[in-house]
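Encoded as structure tokens, the structure appears first; notes follow it.
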Amino acid sequence: MLFNSYGFIFLYLPAVLLGFFWLARISHAFAAGWLALASLFFYGYWNPAYIGLLLGSVMCNYAFGLWIAKAGVRHDARRKKQLLMVAIGANLALLAYYKYANFFVGSVNGLAGTQWSLGEIILPLGISFFTFTQIAFLVDTYQGKVKEYNFIHYLLFVTYFPHLIAGPVLHHREMMPQFALASTYRFNYENMSVGLTIFFIGLFKKVILADGLAVYVGPVFAAPGAGVQLTFIDAWGGALCYALQLYFDFSGYSDMAIGLSRMFGVTLPLNFHSPYKSANAIEFWRRWHMTLSRFLRDYLYIPLGGNRYGTPRRYLNLMITMLLGGLWHGAGWTFVLWGGLHGLYLVVNNGWHSLRKRLGQNPDMPLPKPVHALAVLLTFLAVTAAWVVFRADNLATATALLKAMAGLNGFVLPDAWLAKWGGAGQWLVQQGVSFGATNDLIMGGAVNWIWISLLIVWFAPNTQQIMAAYKPALGVPEGGGKAKCLLWQPSAFAALLVCVLGFVAIINLNKQSVFLYFQF
């Protein structure tokens, strides 16, 4: 079931909300159980067979959590650590089988010329997210951070439908106290209006902006496989459209998840904070998929040693973390290479900061506005180039696009633009710019989508800034700020504006598509 579907908006969501608040008047436990069952139904709507897998994972991890906690009470450090290692190993083995087994076998076949096969393995939706969520629970239990072991609350913590399929990756200590609050189970008009507003903003981003850009992406990324040589304009147009599609798709999903949860009185952690406004790679990863970045930092980078063992080891740890982060996104060498590129970006960025410190500069000081704008542009272009590898079906397609983006296939502009640009076009011809026949993959419509989207990305306030007066999410960075314009307040005008956004999105749901992060 998709958030951007008629069935979800007009049937599932109202039924779950009504049932939750009605049962809460009888018993909080009944209401929590209802929400957990509704979440299992949401997951099973895709494939009922995998409800058993999800429930099995939940029960096993809950049991291991109890055993680890009891070992801690008995001060049996050795058994406690053994249980943690076994539990994490079991989670990773499950993830490895469903997500990476065929990738591994295919890689071995390619290198050794063998014909091994495991048959078709269907990737369960959200397995990466519910696995990482539970690994975090196990580690937090081992470290003594978990204080509550109510099974219904734990089941709800893992299966909670707003985050189950594509995040955010949750911490036990963020959610359990909220499930225990009496106020969570009382209907609240503020929570409902704030939640609906955030949900409709996200729905508009997904249905209108992300899906509107999507139509220009597929033809460009399919062209190399069909033997078409891309031009500079084709390649950059397709790459920019994909970078912006993914931005609005993931931003829209994150908003919708936060909005849905807020309707139930539960605040989710922030997962997306205008990442294309980042002035460097370090800042980008503090703004993009923030809960995954937090997980990789806390449960991989720091256990590997972080920055505690010198600069070379720190850079090695960064590369390992990002390579595995890339592999987490998908079972393919393109994802590994994408992670490696971001690892390289982070190494270079940290090295540059270290050099500036040795020169007596403070890299944390704000840059002059022109320099900051240039840094944002360069970071965005580097991230866009890496997205090409992320999106490409194979390394050959990625190489073909990057080659065209580098200008190695020439700089020919569509001849249709020459007539439209009039005198300006003639002046460009005099300066040596070539106009001629192109593949017509990126024309005026795509160009308009790109520049309008970039204006929104770089200059418009984001959702948490618009909703800042009502604390829309946990973990909003310091200095996140409030919107100077469009700051949301309950009013007739705000309600009308939100209704217009929702109406425009809903009447276009016939074009519904899955969220891009569902595949991870």
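The values are calculated or read from the model by the stated rules, or taken from the named source; none is laboratory data. Bear in mind the structure is a predicted one, so any value in this text is a computation, not a measurement. Every residue, glycine as well, gets a Cβ built from its backbone with ideal geometry; the counts of neighbours run over all protein chains shown.
Each residue in the stretch 356-401 was checked for being aliphatic (A, V, I, L, M), closer than 22 Å to L323 by Cβ and surrounded by fewer than 17 Cβ atoms within 10 Å (Cβ to Cβ), and 2 pass.
Within the stretch 403-431, the set of residues being charged (D, E, K, R) and touching a Lys or Arg at 6+ places or on another chain (Cβ under 9 Å) is empty. Could we say that A331 is of a type in the set (A, V, I, L, M, F, W, C) and either outside any loop (DSSP other than H, G, I, E, B) or under 19 Å from W288 (Cβ atoms) (or both) here? Spelling it out, it is not the case that A331 is of a type in the set (A, V, I, L, M, F, W, C) and either outside any loop (DSSP other than H, G, I, E, B) or under 19 Å from W288 (Cβ atoms) (or both). The number of residues in the stretch 97-121 that are within 20 Å of N47 (Cβ to Cβ) and assigned to a helix (DSSP H, G or I) comes to 6. Counting only helices (runs of 4 or more DSSP H) that sit wholly inside the stretch 376-441, those with at least 1 residues that are polar (S, T, N, Q) and at pLDDT 80 or above are 395-405, 423-430.
Of the helices (runs of 4 or more DSSP H) contained entirely in the stretch 188-274, those carrying at least 1 residues that are within 18 Å of the chain's Cα centre (by Cα) fall at 189-204, 211-214, 232-263. Scanning the stretch 352-375 for residues that are at pLDDT 90 or above and either outside any helix (DSSP H, G or I) or of a type in the set (G, A, S) (or both) gives S354, P368, A373, A375. Scanning the stretch 487-520 for residues that are surrounded by 13 or more Cβ atoms within 10 Å (Cβ to Cβ), in a loop (DSSP other than H, G, I, E, B) and of a type in the set (A, V, I, L, M) turns up L487, V514.
Okay, residues lined up against (1) in contact (Cβ under 8 Å) with a residue 60 or more places away in the chain; (2) under 30 Å from Y189 (Cα atoms); (3) under 14 Å from the mean Cα position of the chain (by Cα); (4) not in a helix (DSSP H, G or I):
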{"site": "A279", "(1), (2), (3), (4)": "yes, no, no, yes"}
{"site": "F284", "(1), (2), (3), (4)": "yes, no, yes, no"}
{"site": "S293", "(1), (2), (3), (4)": "no, no, yes, no"}
{"site": "Y301", "(1), (2), (3), (4)": "no, no, no, no"}
{"site": "M319", "(1), (2), (3), (4)": "no, no, no, no"}
{"site": "G339", "(1), (2), (3), (4)": "no, no, no, no"}
{"site": "G343", "(1), (2), (3), (4)": "no, no, no, no"}
{"site": "V347", "(1), (2), (3), (4)": "no, no, no, no"}
{"site": "N350", "(1), (2), (3), (4)": "yes, no, no, no"}
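Among residues of the stretch 1-16 being surrounded by fewer than 18 Cβ atoms within 10 Å (Cβ to Cβ) and not in a helix (DSSP H, G or I), the one that is modelled with the highest pLDDT is S5. Out of the residues in the stretch 137-152 that are among the aromatic types (F, W, Y) and under 20 Å from Q178 (Cβ atoms), state the one that is modelled with the lowest pLDDT. Looking at the filtered set, the residue picked out is Y149. Checked against (1) touching a Lys or Arg at 6+ places or on another chain (Cβ under 8 Å); (2) in a loop (DSSP other than H, G, I, E, B); (3) farther than 27 Å from A29 by Cβ, P124 meets all criteria but (1).
Within the stretch 462-474, being surrounded by fewer than 18 Cβ atoms within 10 Å (Cβ to Cβ) and either basic (K, R) or assigned to a loop (DSSP other than H, G, I, E, B) (or both) holds for one residue alone: K471. One residue stands out in the stretch 136-164 among those that are touching a residue at least 60 places away in the same chain (Cβ under 8 Å) and part of a loop (DSSP other than H, G, I, E, B): the one that is nearest to L66 (Cα to Cα), namely Y149.
The condition (being in the same structural domain as F151 (by TED's automatic domain parsing) and in contact with a helix residue (DSSP H, G or I) (Cβ under 7 Å, 6 or more places away or on another chain)) is satisfied by just one residue among L213, L209, L181, L170: L170.
Working only within the stretch 165-179, note down all residues that are in contact with a Phe, Trp or Tyr (Cβ under 6 Å, 6 or more places away or on another chain) and either more than 15 Å from F132 (Cα to Cα) or not in a loop (DSSP other than H, G, I, E, B) (or both). The answer is H172, M175. Kindly provide the set of residues from the stretch 29-49 that are more than 15 Å from F161 (Cα to Cα) and buried (at least 16 other Cβ atoms within 10 Å of the Cβ), ordered by number. F30 - this is the single residue of the stretch 29-49 that is more than 15 Å from F161 (Cα to Cα) and buried (at least 16 other Cβ atoms within 10 Å of the Cβ). Among the residues of the stretch 182-204, the ones that are without any contact (Cβ under 8 Å) to a residue 60 or more places away in the chain and farther than 24 Å from N4 by Cα come to 0 in all.
Is it true that T334 is under 30 Å from V108 (Cβ atoms), buried (at least 22 other Cβ atoms within 10 Å of the Cβ) and touching a residue at least 24 places away in the same chain (Cβ under 8 Å)? So T334 fails the test. Taken as a whole, the stretch 162-172 holds at least one residue that is closer than 23 Å to R25 by Cα and either surrounded by fewer than 24 Cβ atoms within 10 Å (Cβ to Cβ) or modelled with pLDDT under 95 (or both). Inside the stretch 52-76, residues that are assigned to a helix (DSSP H, G or I) and charged (D, E, K, R) make up a count of 1.
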